[in-house]
Amino acid sequence: MQKHRAIGLFGGSFNPAHEGHVEASEMALKRLALDEVWWLVSPANPLKDKSVLAPFEERCAGAERLARHPRIKISRIEHEARLTYTHDTVRRLVRSHRDINFVWLMGADNLATFHRWERWGDLFRLVPVAVIDRPGYRFAALASPAAQRFSASRIDESDAAGLAFLPAPSWCFLSGLLNPLSSTRLRGSAAA
């Protein structure tokens with residue numbers, strides 16, 4: 001029997017993509033023993049200001065230029081399938097790729113506000129989740145409603161290499177990266 005592949009799903013606006021995204025993906029590949037990381041470029045985030053959003057194809061092109069790692073792939077699934085919510089995207093991927101074990105990847109900044117996402121609890125129950133530490137967000141992330149609700153399902157990061165093969169709602173918090181780059185900060189620098 002062939003072993004299922006382990007794929008990390010890293011969603012975002014990538015407005016713009018930056019080295020922090022690459023570093024987080026490379027860390028996930030190594031620490032979670034993933035075969036690939038797919039960047040799911042979002043057409044628009046319902047929780048963010050659309051007026052500062054660069055055109056979709058421009059963001060995809062920037063992500064493709066930056067993601068030079070052979071195991072980081074750029075996905076346009078949300079745009080092509082006209083999907084708005086992460087849960088719907090991940091559910092579609094899980095149903096159409098039964099030979100893949102997916103892990104949702106997100107920064108600690110996102111876990112801190114994850115309870116504002118549409119069907120966030122269902123997403124935790126759909127696939128395992130890996131949270132990557134970000135400067136200044138650890139406390140807020142670990143005190144968040146999502147972290148509290150699923151506290152019993154958290155695994156130690158020393159066991160992270162097996163996360164993709166655990167049943168949801170398993171999750172872990174990966175410390176150590178702490179890259180300060182953010183797309184918001186980069187857009188602000190470009191505007192100045």
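Here is a yes/no grid of residues against (1) within 23 Å of residue 27 (Cα to Cα); (2) of a type in the set (S, T, N, Q):
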{"residue": "113", "(1), (2)": "yes, yes"}
{"residue": "123", "(1), (2)": "yes, no"}
{"residue": "126", "(1), (2)": "yes, no"}
{"residue": "129", "(1), (2)": "yes, no"}
{"residue": "138", "(1), (2)": "yes, no"}
{"residue": "147", "(1), (2)": "yes, no"}
{"residue": "152", "(1), (2)": "no, no"}
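Could we say that residue 174 is of a type in the set (A, V, I, L, M, F, W, C), out of contact with any Lys or Arg (no Cβ under 9 Å at 6 or more places or on another chain), at pLDDT 95 or above and crowded, with 16+ Cβ neighbours inside 10 Å here?
Numbers: of a type in the set (A, V, I, L, M, F, W, C): yes; out of contact with any Lys or Arg (no Cβ under 9 Å at 6 or more places or on another chain): no; at pLDDT 95 or above: yes; crowded, with 16+ Cβ neighbours inside 10 Å: yes.
Taking the combined requirement at face value, the residue does not satisfy it.
Just name the residue that is surrounded by the most Cβ atoms within 10 Å (Cβ to Cβ) out of those in the stretch 96-120 that are over 19 Å from residue 79 (Cβ atoms) and of a type in the set (D, E, K, R).
This residue is 109.
Just need a number here: residues in the stretch 36-53 that are of a type in the set (Gly, Ala, Ser) and surrounded by fewer than 17 Cβ atoms within 10 Å (Cβ to Cβ).
From the stretch 36-53, those of a type in the set (Gly, Ala, Ser) are 42, 44, 51; that's our starting set.
Still in the running and surrounded by fewer than 17 Cβ atoms within 10 Å (Cβ to Cβ): 44, 51.
So the answer is 2.
Suppose we filter 123, 142 for residues that are touching a residue at least 12 places away in the same chain (Cβ under 8 Å), more than 16 Å from residue 21 (Cβ to Cβ) and surrounded by fewer than 22 Cβ atoms within 10 Å (Cβ to Cβ); which single one remains? Quick ask: steps written out before the conclusion?
Working: 123 fails: surrounded by fewer than 22 Cβ atoms within 10 Å (Cβ to Cβ).
Answer to the selection: 142.
In the stretch 17-35, what residues are surrounded by fewer than 18 Cβ atoms within 10 Å (Cβ to Cβ) and not hydrophobic (A, V, I, L, M, F, W, C)?
We begin by selecting, within the stretch 17-35, every residue surrounded by fewer than 18 Cβ atoms within 10 Å (Cβ to Cβ); these are 19, 23, 26, 30, 33, 35.
Answer for the stretch 17-35, where residues must be surrounded by fewer than 18 Cβ atoms within 10 Å (Cβ to Cβ) and not hydrophobic (A, V, I, L, M, F, W, C): 19, 23, 26, 30, 35.
For residues in the stretch 83-121 being among the hydrophobic types (A, V, I, L, M, F, W, C) and farther than 19 Å from residue 145 by Cα, which is modelled with the lowest pLDDT?
Step one: list which residues in the stretch 83-121 are among the hydrophobic types (A, V, I, L, M, F, W, C), which gives 83, 90, 93-94, 100, 102-106, 108, 111-112, 114, 117, 120.
Those still in the list that are farther than 19 Å from residue 145 by Cα too: 83, 90, 93-94, 100, 102-103.
Details: 83: 93, 90: 97, 93: 97, 94: 97, 100: 97, 102: 98, 103: 98.
The selected residue is 83.
Since residue 131 meets every condition but one in (1) at pLDDT below 95; (2) closer than 20 Å to residue 39 by Cα; (3) among the aliphatic types (A, V, I, L, M), which condition does it not meet?
(1)
Can you tell me how many residues in the stretch 65-76 are surrounded by 18 or more Cβ atoms within 10 Å (Cβ to Cβ), of a type outside the set (S, T, N, Q) and within 16 Å of residue 9 (Cβ to Cβ)?
Going through the stretch 65-76 one residue at a time, the tally reaches 3.
The values are calculated or read from the model by the stated rules, or taken from the named source; none is laboratory data. Quantities reported herein were computed from a predicted structural model and do not represent experimental measurements. Positions of Cβ are generated from backbone atoms using ideal geometry, with glycine treated the same way; all protein chains shown enter the neighbour counts.
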